[in-house]
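Here the structure is laid out as C-alpha cells; the discussion comes afterwards.
Every read-out reported here was derived from the displayed coordinates using simple, explicitly stated rules and does not represent laboratory data. Keep in mind that this is a model prediction, so the values were computed, not measured. In this analysis, Cβ positions are derived from the backbone assuming ideal geometry, glycine residues included, and neighbour counts consider all displayed protein chains.
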Amino acid sequence: ERRVEVGFAEDDTSRLLFPQVADAPGVARFVTVMQGCDNYCSYCIVPYVRGREISRPAAAILEEVRSLAARGVKEVTLLGQNVNSYGRQAETEPDFPALLRQVAAVDRIERLRFTTSHPRDLSPNLIACFAELPKLCGHIHLPPQAGSNAVLARMNRGYSREEYLAKIAALRAARPDLLITGDMIIGFPGETEADFAQTLALMEAVRYADLFYFVYSARPGTKAAEFPELLDAGEKQARLERLQTLQRQMTLECNQALLGTHQELLVEGMSRRGDQLYGRTSGNRVVNFTGDPALIGGLVTVTVTEAFQNSLQGAVL
Ligand code: SF4
C-alpha cells in the first residue's frame, strides 16, 4: 500500500520504489544520468523548480559505474526525471538504450535498473533492451497517472490509454515475466466517475505489481492549479479507497503468482526483525529467508515458499 504525500513528479517515487538503494549502499546504488524535465505535465512543478533537461556525459557515468563496481557494488539504478530523453540535446552522447548497453557491459555490475520512464518516450529500442540485456532487471516503473484519455489530455501527458497499453504489451512480449509498477493521480480536476472507472480498468488490464497513488491537490504555479476543482473531499476519499482495495488485491495476487518459483536475489542485509536475511528479486520484490550473513552483498537463488501482502518468504535452494 503506497499512499504518499510527496508531489506528483515521477522522480519523487524513485526512492520509495527502490528503498534498497538507501538500505544497502554497499551493494546497490543510484547513478544520476540526467536532471530536469522538459515535459510540463499540467500538474507538475518539476520543470519550474529543477529546470530544463540536462544529461551527464556518458563518459562520466561510465567512470562512476566502474568505480562503484570496483568497490563491490553489484546493482546500479540509472536515475533521471525522464531517462528516455537522455542524450537528446547532445549529438555526441549516446541515446538512453545505447547508454544502457554500455553500462551493462561494465564487469562486476550484475544488475541494472532505471527510473523513471515517461510512457510517451519509451522507444522500441529501449523495449528491446529487456529482451537483449540479461543484466537489465525484470521490472519497469511506467507511470500512467490516469486511465482516461480526457484526463490524460488535460494532464498534458502526450499519450493515450491505447498507446500506453500497446507499450505494456510490447514490454511483456520482450520480457514475459516483467513486473510493472506505476503512479496514479486520483481526483484530477474534472475527473468524472466514468474517467475514474477507466483508471480502475487500466489497472486491471496492466495488473501492476505495485502502484503509488496520489490524491490530487493543486500545486501553485502549475497550469492545473487554474482548472476548476469538481470533486469534494468525500468523493476523492471514496475513489482512493476503491483504488486501494483493487491494488491491494492485485499486489497480493502478483506475490502469490511467485509461489514455488525460483528467484535470484541480491542479498541486501538483515530483515527488520533481525532474524532473517532479505534480498530483492529481479522484479524488485522483497524476499526474506534464513541464511548465513556472509551471503550479504551477493546473489543467491531461493524458492518462494510463502506470499504476503508486502513481502515473500523464501528458502535457499
Ligand atoms: Fe513532472 Fe511530467 Fe516531467 Fe514527470 S514528466 S517530472 S510529472 S513534468
Checking the structure you have, find out if any residue of segment 171-181 is within 16 Å of the ligand (Cβ to nearest atom) and under 27 Å from G87 (Cα atoms). yes
Given the structure, is V65 more than 30 Å from A225 (Cα to Cα), part of a loop (DSSP other than H, G, I, E, B) and out of contact with any Cys (no Cβ under 6 Å at 6 or more places or on another chain)? no
What is the number of the single condition among (1) surrounded by fewer than 18 Cβ atoms within 10 Å (Cβ to Cβ); (2) more than 16 Å from the ligand (Cβ to nearest atom); (3) under 29 Å from R172 (Cα atoms); (4) touching a residue at least 24 places away in the same chain (Cβ under 8 Å) that G72 does not meet? (3)
What is the one condition in (1) part of a helix (DSSP H, G or I); (2) over 30 Å from G190 (Cβ atoms) that R120 does not satisfy? (2)
Could you look through segment 97-119, keep only residues that are over 25 Å from V286 (Cβ atoms) and touching a residue at least 60 places away in the same chain (Cβ under 8 Å), and pick out the one that is nearest to the chain's Cα centre (by Cα)? H118
Can you tell me which residue among L136, L152 is of a type outside the set (D, E, K, R), crowded, with 22+ Cβ neighbours inside 10 Å, away from the ligand (no atom under 16 Å from the Cβ) and free of Cβ contacts under 8 Å to residues at least 40 places away in the same chain? L136
Residues (surrounded by fewer than 20 Cβ atoms within 10 Å (Cβ to Cβ), assigned to a loop (DSSP other than H, G, I, E, B) and of a type outside the set (G, A, S)) located in segment 285-301: T290, D292, I296
How about segment 31-63: which of its residues are touching a residue at least 24 places away in the same chain (Cβ under 8 Å), more than 15 Å from the ligand (Cβ to nearest atom) and surrounded by fewer than 18 Cβ atoms within 10 Å (Cβ to Cβ)? P57, L62
Could you give me the residue pairs with C-beta distances under 8 Å whose first residue belongs to segment 197-218 and is over 13 Å from I186 (Cβ atoms), whose second residue is part of a strand (DSSP E or B) and of a type outside the set (S, T, Y) wherever it lies, and which are 6+ apart or on separate chains? V206/I180; V206/G182; R207/I180; Y208/I180; Y208/G182; A209/H139; A209/L179; A209/I180
Mind checking whether some residue in segment 270-284 is under 23 Å from N156 (Cβ atoms) and of a type in the set (F, W, Y)? no
Residue among A60, A98 that alone is more than 18 Å from L136 (Cα to Cα) and either in contact with a helix residue (DSSP H, G or I) (Cβ under 7 Å, 6 or more places away or on another chain) or not in a loop (DSSP other than H, G, I, E, B) (or both): A60
